[in-house]
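Undergrad: Below are the structure tokens for one structure; questions will follow.
The values are calculated or read from the model by the stated rules, or taken from the named source; none is laboratory data. Computed from a prediction, not measured in an experiment: that's the story for all the values here. Positions of Cβ are generated from backbone atoms using ideal geometry, with glycine treated the same way; all protein chains shown enter the neighbour counts. The protein model used for the area step is the full one, side chains on, heavy atoms only, and it has no ligands, DNA or RNA in it. Shrake-Rupley method; radii C 1.70, N 1.55, O 1.52, S 1.80 Å.
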Amino acid sequence: MNGTRIFAYGFPNEALFTSILEDENIKAETLDKEKIFAIENIDDRSVFFIYCGAFEKVINELLSLFSNKIVSNPIVMVGENFSQSYLENLFESHPFTYIKLPADKDIIIKELMNAKEGKCSFIPNPNYKEQLDKARANLVAFHEISTALTAEKDIEKLLNLILTQSRHLAKADAGSLYLKEGDNHLRFVLTQNISSDWNAKKDVLIEIKENSISGYTAKISKSFNLLDVYSIPESYPFTYNKTFDQTSGYRNKSMLTMPMYNNNGEVLGVIQLINKRKDYDSRVPGKKLDESQIIPFDNKDVEFVDDLASQAAIALENARLYQEIREMFEGFVKASIVAIEAKDPVTHGHSERVANLTVAMAKTINSINEGPFAKVHFTDKDLLQIRYASLLHDFGKVSISEEVLTKSKKLFPFELENLKSRYKFIRKSVENDYYKNCLNLINTKGIENYNQSKAKLEEDFQNKLNELDKTVELLVKSNEPSVLEESCSNQISELSHSIYKDIDGNETPYLTEREATALSVKRGSLSESERLEIESHVKYSYDFLVRIPWTKDLSRVPEIAYAHHEKMNGRGYPNHKKAEEIPIESQIMGITDIFDALTAQDRPYKPALPLKKALDILRMDAENNALNKDLVNLFESKEVYKCLEGKLKE
């Protein structure tokens, strides 16, 4: 595939790898640690060729890179200690091939070339609904944690909940929890195991030093994600003692250790998770773990457990409880938004921008002491509720068909191609009819008569072709989501009732009923039924949000999100509420949602409007009593939109 590049990382200076990297079919670009983490603007077909030994040394950083920045490029990895099936879950959004050494040069090159063509041993098949369900489950889990942290005064029960939830989120078979005592020791306070009754001695002190995995985690306040504790990279100062495995018969393999530290960076303890299970959802307590079901912890596990580790620190420092819970909960709200925007990538960042604008507007109202909003005030808890409602206002889009959600023209791409193909066929029919008429004239009236009529025949023929070209041009123009001119609408109507009938009596419609309906849309790209489908996302959002057991302070999140498309004149949706029935938070969000849709610079189907034009449209909607006029005036006069500075077109 022309233009596709191969990026190589971490290979030792050995003849096999040198010859591969320099092969004329590969011509890999070698990246060191600094370059790979600074990489930008990579074509999603470019291949990353990685040496497993180097990957293990910076596994958390590379997993984060491939999850958040380079999200779909093929990955080919070579190594000695693992297998394809064991590692592929680490790269669930990437085509992935693992080549176990020793391997011939030709085999490795063949797999690299296959990867360039999108042919890897593992091909991702994302299920956005499943991702959303997982995000929802995580939100609920963290809500339960926050409730327990507020109510539970027994530290032992509290830490037991945190370790249980850590294992559950990361699907770990076993885990342990350590608390720091003094400056140099960790106390082993808690252990859990689904498949085995451990006899590990608890309530013992462990020295914080480099030769212990948990001790070193606490010493440098850094998480470690080990693919296999029996194969720890030589660059790490610690080793794993197999004695417990040999005496218990339990195989420790994948391991994630995470420090618990407070807002000042002080380490308060360590969470250690062992053996992520592929079959976690069908686990049977007490049943021996099948080693083939063990898989490594991925980047999401690292992020989840990192957040949960912070919850443990909150439990020990109760004064910081609320702040830490808020950050944790918002992190998972954002993770849910990522799942939604993965289905509708052209609106990436929309929810975050709307949240920033809406909260900024609420804070602006707090700052004024006169006018219609002088008595309106939002507490910090209210602002948090507004933020969550704004972040989640489009949650229901996961239930909308992807082709409608991302539709940028009146016809779907395949429909436009079918239309153009049909007109090519009609053109060929016109040409065929022309030549048949010429031949018939020669056969019936002779060549002299034909020569006399030739000019008129050619003129009529060319006029028909020109008319077809103009018709195609009209239809392509009408397919754009701009305002449809009346003359175009009339011509489309005429075409929908017209057919082309060739000399042999075969009929071809100029437009199908579906095409005519779609192209007759007066403004935008959606038909009436498609528009109603898009609008239904508000109801789906509400149905989702209302099922989450919100705390009292956040109980109005579903209500606020539900009403953000209502209009002051009662012509909004889905419930056609009157002005006095629409929460002021929803009225604010209605303005910020429209403003961001008008000014967003990442929509492929329309250019971003300049700031002045966007404000003109808001004022016009306010004059038509669709938006709250006082709020629109405040939004403009106080320049609330400046919170998006650098993201607006002047």
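Undergrad: May I ask which residue of Ile6, Val376, Leu163 lies farthest towards the positive end of the charge dipole of the chain, with charges of +1 (Lys, Arg) and -1 (Asp, Glu) on Cβ and the Cα centre as origin?
TA: Farthest towards the positive end: Val376.
Undergrad: With both bridge residues required to lie in the chain, what share of the DSSP beta bridges run antiparallel, to the nearest 5%?
TA: 70 percent
Undergrad: Calculate the dipole size of the chain relative to its Cα centre from +1 charges on Lys and Arg beta carbons and -1 charges on Asp and Glu beta carbons; express the result in debye to the nearest 20. Working shown, then result.
TA: On the way: 84 positive and 100 negative charges, 122 e Å.
Here the chain has a charge dipole of around 580 debye.
Undergrad: Per residue, how much accessible surface does the range 1-112 expose to a 1.4 Å probe? Answer in Å², no decimals.
TA: Accessible area per residue: 47 Å².
Undergrad: Checking the cross-link filter: which lysines have an alpha carbon closer than 22 Å to that of Lys436, excluding same-chain neighbours under 8 positions apart?
TA: Those lysines meeting the cut-off are Lys424, Lys428, Lys445, Lys454, Lys456, Lys464, Lys501.
Undergrad: Which pairs in the list Lys334/Lys363; Lys410/Lys577; Lys334/Lys552 are over 26 Å apart, alpha-carbon to alpha-carbon? Mind showing how you got there, number by number?
TA: Details: Lys334/Lys363 21 Å; Lys410/Lys577 30 Å; Lys334/Lys552 21 Å.
Checking Cα-Cα distances, Lys410/Lys577 exceed 26 Å.
Undergrad: Compare the Cα positions of Ile208, Phe188, Tyr250 along the charge dipole of the range 182-298 (+1 at Cβ of Lys, Arg; -1 at Cβ of Asp, Glu; about the Cα centre) and return the one farthest towards the positive end.
TA: Farthest along the dipole direction, towards plus: Tyr250.
Undergrad: Here's a follow-up. Shape of the chain from its Cα gyration tensor (a ≥ b ≥ c, root eigenvalues): rounded if a/c is under 1.5, otherwise prolate when a/b > b/c, or oblate?
TA: Verdict is oblate for the chain.
Undergrad: Here's a follow-up. Find how much the distance from Ile499 to Ser453 grows on full extension, using 0.36 nm per residue of separation minus their present alpha carbon separation; answer in nm with one decimal.
TA: Stretched fully, the Ile499-Ser453 segment lengthens by 13.9 nm.
Undergrad: Could you check how much of the accessible area of the chain is carbon and sulfur, as a whole percent, using a 1.4 Å probe?
TA: Of the solvent-accessible surface of the chain, carbon and sulfur hold 48 percent.
Undergrad: Also: About its Cα centre, how strong a charge dipole does the range 220-271 have in debye, to the nearest 20, once Lys and Arg get +1 and Asp and Glu get -1 at the Cβ?
TA: 120 debye
Undergrad: Label the range 224-307 by shape, choosing from rounded, prolate and oblate, from the square roots a ≥ b ≥ c of the eigenvalues of the Cα gyration tensor; if a/c is under 1.5 it is rounded, and otherwise prolate applies when a/b is larger than b/c, oblate when it is not.
TA: On the way: a/c = 1.94, a/b = 1.35, b/c = 1.44.
In terms of gyration-tensor shape, oblate.
Undergrad: Which aspartates and glutamates does Lys105 reach when only Cα atoms under 14 Å apart count, and residues fewer than 8 places away in its own chain are ignored?
TA: Glu14, Glu22, Asp23, Glu24
Undergrad: Another question, then. Report, by chain and number, residues whose modeled amide H sits under 5 Å from the one on Val47, excluding near sequence neighbours (fewer than 5 apart, same chain).
TA: Arg5, Ile6, Phe7
Undergrad: Add -39500 (n - 2.57) for each DSSP H run of 4 or more in the chain, then divide by its residues: what number comes out at 222 nm, to the nearest 500 deg cm²/dmol?
TA: -15500 deg cm²/dmol
Undergrad: Considering the dipole of the chain built from charges on the beta carbon (Lys and Arg +1, Asp and Glu -1) around the Cα centre, which of Tyr500, Asn81, Asn275 is farthest to its positive end?
TA: Checked the options; the winner is Asn275.
Undergrad: Right, another one. Using a cut-off of 11 Å between beta-carbons, work out the net charge of the residues near Trp550 (Lys and Arg +1, Asp and Glu -1, Trp550 not included).
TA: Combined, the nearby Lys, Arg, Asp and Glu give +1.
Undergrad: Under a Cβ-Cβ cut-off of 11 Å, what is the net charge of the residues other than Glu515 that fall near it, where Lys and Arg count +1 and Asp and Glu count -1?
TA: +1
Undergrad: Filter the cross-link list Lys69/Lys110; Lys134/Lys613; Lys69/Lys420; Lys119/Lys539 down to pairs whose alpha-carbon distance in this structure exceeds 29 Å.
TA: With Cα atoms farther than 29 Å apart: Lys134/Lys613; Lys69/Lys420; Lys119/Lys539.
Undergrad: Are there trypsin sites (Lys or Arg not before Pro) in the range 553-635 that DSSP puts in a loop and that have at most 15 other Cβ atoms within 10 Å, and which ones?
TA: Passing both the DSSP loop test and the Cβ count: Arg571, Lys578.
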